[in-house]
């Protein structure tokens, strides 16, 4: 409780300080204007104050979200023009600066197996960001489907805002348009044994790619204009093609403000809703299905802190519900 209070107090202080600087610049500008003084010298101060206020505001808007720091997302290229080059590759390059950690699973072709990685899953074993960057550089590669699990400061919040259709226009001389669909799988980076079991994590089949590509874009970038349209083309940001993740807090702020106003037509709760409902007991259910009741009870006790008798009753009740289902 004390740590949480300290965190929120620090965010409040940063917001108050930034707002104070904005107010100070406004007062100086008004005083100078009324006194006939030149105001050009205040421009840099005003821009700096504005940047600081935006940086403080975007973190304040998500301060009470309890699942800020981890997410699992599924990214699917909807065509053969390398959309992941413009979204995933820059994100992987920015991991170190953000102090995020990531693991990736590839979901195309014959899914590989290996030690500790069961056969029958729709996604391959975990890959490192370095491996993924090399793989995505391969000449003439096929469209990819990637499951990305990320942890780090605000990683869950920022990736949750990415759910939806991403479209890039005129980003290369040979590519007029390319699209990527991002789905928020979970507001955590770990998945239970049950969740890994098909069909819960199955990627969308190619037959629905055309329909996905017709959705309103959550991000629509036109390289010729150097402009990014956020959430249904409601607002624009001036960005260079390689600045997306470097300036993502600006993107997040524009999106969050639209959600606060409900201008986008999609509420914040709906935008951040994951595909997998998480009650925390996925592994317990998987152990029950495998007939490993002792291990299921042990796992349940570790998750809840209950005593043996209470955990036994709870797991037996869960087993009965699973059987009826």
Subset tally (residues that are buried (at least 17 other Cβ atoms within 10 Å of the Cβ) and within 23 Å of residue 171 (Cα to Cα)) for the range 66-88: 13
Hits in the range 150-163 (condition: surrounded by fewer than 22 Cβ atoms within 10 Å (Cβ to Cβ) and assigned to a strand (DSSP E or B)): 151
Candidates 314, 224, filtered to the one that is in a helix (DSSP H, G or I) and over 19 Å from the mean Cα position of the chain (by Cα): 314
Condition broken by residue 256, with the remaining ones in (1) without any contact (Cβ under 8 Å) to a residue 40 or more places away in the chain; (2) in the same structural domain as residue 98 (by TED's automatic domain parsing); (3) part of a helix (DSSP H, G or I) satisfied: (1)
Sole exception among (1) assigned to a helix (DSSP H, G or I); (2) at pLDDT below 90 for residue 295, by number: (2)
Output for the range 28-65, where each listed residue is buried (at least 16 other Cβ atoms within 10 Å of the Cβ) and more than 25 Å from residue 250 (Cβ to Cβ): 28
Residue satisfying condition, being surrounded by 19 or more Cβ atoms within 10 Å (Cβ to Cβ), closer than 16 Å to residue 166 by Cα, assigned by TED's automatic domain parsing to the domain that holds residue 97 and in contact (Cβ under 8 Å) with a residue 12 or more places away in the chain, within set 191, 228: 228
Any hit, the range 67-77, residues being assigned by TED's automatic domain parsing to the domain that holds residue 196, part of a strand (DSSP E or B), free of Cβ contacts under 8 Å to residues at least 60 places away in the same chain and in contact with a strand residue (DSSP E or B) (Cβ under 9 Å, 6 or more places away or on another chain): no
Verdict on residue 130 being without any contact (Cβ under 8 Å) to a residue 24 or more places away in the chain, surrounded by fewer than 19 Cβ atoms within 10 Å (Cβ to Cβ) and not in a helix (DSSP H, G or I): no
Some residue of the range 86-107 being assigned to a loop (DSSP other than H, G, I, E, B) and touching a strand residue (DSSP E or B) at 6+ places or on another chain (Cβ under 7 Å): yes
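The values are calculated or read from the model by the stated rules, or taken from the named source; none is laboratory data. A quick note: this is a predicted structure, and the numbers were derived from the prediction, not measured. Note that we place each Cβ from the backbone using ideal geometry, even for glycine, and neighbour counts take in every protein chain shown.
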